[in-house]
Amino acid sequence: MNKEQLVSQAREIKQRAYAPYSKFPVGAALLMKDGRVFTGVNVENVSFGATNCAERTAIFTAITEGYHKGDFAEIAVNGNTEDFLPPCSICRQVMAEFFEPDMPVHLTNDKNEIRTLALKELLPMAFTDLDM
């Protein structure tokens with residue numbers, strides 16, 4: 001699967017987001033090393049701290065299905081934004097837990113452009129299990 005196909009899946013799943021408060025739907029598509037794709041959407045709550053982002057939804061679903069740290073290949077994130085949409089800091093920390101530092105993270109915008117960064121570029125000096 002190429003990055004354009006992964007981004008397309010993130011864009012399509014975004015329509016299922018539950019975002020009644022922010023009106024900001026986000027979709028994510030997570031490619032595993034074995035070729036399986038998990039998608040996720042943001043699911044809001046009136047208590048914003050209880051909201052879950054699209055990226056974490058996809059990651060947690062993969063973990064629930066039996067995948068482990070090191071099984072992840074790349075992720076695409078899509079929202080209705082003029083600029084490239086980066087994961088929030090909580091999602092970046094979860095990514096640091098499960099993704100390799102060089103794993104591609106595809107950021108998109110509403111012009112169908114893609115910017116690919118390695119996780120370590122999004123989260124330099126990440127707090128990891130090596131710091132414990």
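Which aspartates and glutamates does K33 reach when only Cα atoms under 13 Å apart count, and residues fewer than 8 places away in its own chain are ignored? K33 reaches D71, E74, E100. Rounded to the nearest whole Hz, the Karplus-based 3J(HN,Hα) values (6.51 cos²θ - 1.76 cosθ + 1.60, θ = phi - 60°) of the stretch 74-91 follow the sequence 6, 9, 10, 10, 9, x, 8, 10, 6, 9, 5, 8, x, x, 5, 5, 5, 4, with x at glycine and proline.
With N as its number of residues, the stretch 1-57 has a Cα radius of gyration that, divided by 2.2 N^0.38 Å, comes to 1.18.
Can you compute the charge dipole magnitude of the chain about its Cα centre, using +1 on each Lys and Arg Cβ and -1 on each Asp and Glu Cβ, nothing else charged? Give it in debye, rounded to the nearest 20. Present the calculation step by step, with values, prior to reporting the outcome.
Values: 13 positive and 18 negative charges, 67 e Å.
Here the size comes out at about 320 debye.
Site pair Q5 and E97 shows an inter-label distance of 3.0 nm when each label is modelled 7 Å from Cα along Cα→Cβ. Taking all C-alpha pairs of the stretch 64-104, those more than 17 Å from each other amount to 38 percent. Listed by chain and number, the lysines whose alpha-carbon sits under 22 Å from that of K23, ignoring those within fewer than 8 places in the same chain, are K14, K111.
Can you work out the FRET efficiency for the pair N45 and Q15, with r the C-beta to C-beta distance and R0 = 25 Å, to the nearest 0.05? For N45 and Q15, the calculated efficiency is 0.80. Here the stretch 105-132 and the stretch 1-74 have alpha carbon centers that stand 15 Å from each other.
Across all Cα atoms of the chain, the radius of gyration (one decimal) and Dmax (whole number) stand at 13.8, 42 Å. Near the amide H of I114, within less than 5 Å, lie no amide hydrogens of residues on another chain or at least 5 residues away, with H placed in the peptide plane.
What's the longest piece of the chain with no exposed chymotrypsin sites (Phe, Trp or Tyr not before Pro), counting a site as exposed if DSSP puts it in a loop and it has at most 13 other beta carbons within 10 Å?
Details: sites that count: Y21, F127.
So the longest stretch without any such site is 22-126.
Throughout, read-outs are computed from the coordinates displayed, never taken from laboratory work. In this text, all values refer to a predicted model and were calculated from it rather than measured experimentally. No Cβ is skipped: glycine too gets one built from the backbone with ideal geometry, and neighbour counts run over all protein chains shown.
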